[in-house]
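The values are calculated or read from the model by the stated rules, or taken from the named source; none is laboratory data. These numbers were taken from a predicted model, which means no experiment stands behind them. Every residue, glycine as well, gets a Cβ built from its backbone with ideal geometry; the counts of neighbours run over all protein chains shown. SASA here: full protein model, heavy atoms, side chains in, ligands and nucleic acids out. Shrake-Rupley method; radii C 1.70, N 1.55, O 1.52, S 1.80 Å.
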Amino acid sequence: MTMLGLMGLGVMGANLARNLADHDVKLALYDPAPAAADRLAQELGARGVASTTPAALVAALPAPRTIFLLVPAGAPTDAAIDSLLAHLAAGDVMIDGGNAFYRDTARRQAACGKANVHLLGFGVSGGAEGARHGPAIMAGGNREALQRLEPIFTAIAARAPDNTPCFARVGDGAAGHFVKTVHNGIEYAHMQLIAEAWHLLRRLLRLPHEKVRDIFARWAQGALSSFLMECAVRALDTVDADGTPLIERIVDTAEQKGTGQWTANAALEYGVPAPTLAEAVHARCLSALKQARQAAEAALGSSTIAFSGDAGALIAALERALLSANVAVLAQGFTLIAAADAEHGWGIEPAVVARVWRGGCIIRSTLLEPIAAAFAANPKLDNLLREPVLWRRVAAGDAEWRQVVVTAIAHGVPVPGFASALAYVDGLRTGRLWADMIAAQRDIFGQHGFARFDTPGRHHADWAPLDLSLPQGGH
Ligand code: 6PG
């Protein structure tokens, strides 16, 4: 029987321990709160043994040791690694299964490497349920160190609809944590789009709660079928003791733990347009300004005006728009992964990532199947929107998507997700953009130079002097 160490027995850690134990793995358990390790060891019987210190955890394991860390990202992860490293030997492996910042992972891998200890970075998705019954796992790090562990993690991972395991080594170094970060950025954007659709149906069209619920339930079974859509239906099906839908009593502020922001930061850092991934973060920040929004609405008046138009048409348009925008979000995520991979040389294959995301993770959806196929057929595909099958899906909703954005804007309803994703697709389809004017202005005020269509190289111009005169009688 394989034996692993597991450090950090919060909800995720404890559920992963149960999942591993179900698959014939014996576990040495450690948590800073000793009672947690004792309780879990008791629950797991012969498959769990509690350790009282990090040193004891290491001592309980046969060499070469493997210790899975499920501790909060940031300083607690550094502290956990340090507490183990002193006791580990060459060839031992630590796995960080938390939502770590990928640059921290790279730094920690380098530090562990000095002691010939491997640190693997696992992006683990699927929340508490996933950890218990099958998460999606995006593994990153040394191939040989991971090899002997692959059967275990393949066994505990979720299964895609075609029954293949949602576990894969996505690349070297910090690739696993970077891919998980972008997964979360996509998660933020898909949630934002669903939330905007909900808002338009309930607060612009003023449809009864039950009607919105039925629309969502229908969408969740069609082309929009996804785990997050199912979460939205569950949200609308939940009622308080007095029969009031719970959603009506939930404060409209969304919190965040940082992975969405890391994704947006990475997009800026690598110079990759990912406006909807960034907008989803800004939208959460905006939502957090609850008091300021209320005060401004009271002082300035609400931007939203009463709906006039064809409600049925808008409902139908929303379904199409959601699908198109969801694809645009995934296109942004995959281009970001490709840019980071080009910089770091992790060796990420986008088809492998798409395949892992088909099951177990938060962004799993039927859309990932054609995306995986598209990347498998053409690993160098520079943007998903250039793949004919996917483009046809986006284009099929083109008019409806515009209708949703135009209607929302005309009625004063903010839809940063739908609008930014549409601007992204339109921007990609506009061979000649507005940036000639930006280049000209930069050269005028800062002599920054510009490129010309007709002559290669960098250029400066002898710009015309300021003359604001207007033609006589002109307008
Ligand atoms: C997952 C989730 C998980 C967590 C998010 C929530 O893949 O299982 O992404 O990691 O739910 O980190 O993030 P926020 O608190 O930032 O919304």
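Observations on the structure shown:
- Scattering from segment 7-68 was approximated by placing one identical point on each alpha carbon and applying the Debye formula without solvent; log10 I(q)/I(0) at 0.15, 0.19, 0.25, 0.26 1/Å stands at -0.36, -0.60, -1.06, -1.15.
- 0 to 90° range, to nearest 10: angle between helix 275-288 axis and the chain longest Cα axis: 80
- Interchain or long-range residues, amide H under 5 Å from residue 120's placed H: 94, 95, 96
- If you take the Cα centroid of segment 165-199 and the Cα centroid of segment 259-281, the two points sit 12 Å apart.
- Less than 5 angstrom separates the built amide H of residue 381 from none of the residues sequence-distant by 5 or more or on a different chain.
- Rounded to the nearest 20 debye, dipole of the chain from Cβ charges on Lys, Arg, Asp, Glu: 400
- Taking amide hydrogens as placed 1.01 Å from N in the peptide plane, the amide H of residue 239 sits under 5 Å from those of 246, each at least 5 positions away in sequence or on another chain.
- Radius of gyration, Dmax [the chain; alpha carbons; angstrom]: 25.6, 95
- Taking θ as phi - 60° and the Karplus parameters 6.51, -1.76 and 1.60, the scalar couplings of segment 148-163 work out to 6, 8, 4, x, 5, 6, 5, 5, 8, 6, 5, 10, 6, x, 8, 6 Hz in sequence order, x denoting glycine and proline.
- This model, with +1 at the C-beta of Lys and Arg and -1 at the C-beta of Asp and Glu, gives segment 181-428 a dipole about its Cα centre of some 200 debye.
- Most positive-pole-ward Cα, 97, 157, 270, against dipole of the chain from beta carbon charges: 157
- In degrees, nearest ten, helix 290-300 long axis to first principal axis of the chain (Cα): 10
- Dipole of segment 181-428, positive end: most advanced residue of 245, 423, 228 [Cβ charges, Cα centre]: 245
- Sorted peptide list for 232-245, 336-349, 88-101, criterion being average Cβ within 10 angstrom, highest first: 88-101, 336-349, 232-245
- Overall, segment 134-271 carries a charge dipole of about 140 debye about its Cα centre when +1 sits on the Cβ of Lys and Arg and -1 on the Cβ of Asp and Glu, all other atoms neutral.
- Accessible surface ranking for 249, 392, 284, 1.4 angstrom probe, highest first: 392, 249, 284.
- Here the chain carries DSSP beta bridges of which approximately 30% are antiparallel, counting only pairs with both residues inside.
- Of the peptides 314-323, 373-382, 260-269, 211-220, the ranking by mean beta-carbon count within 10 Å, highest at the top, reads 314-323, 260-269, 211-220, 373-382.
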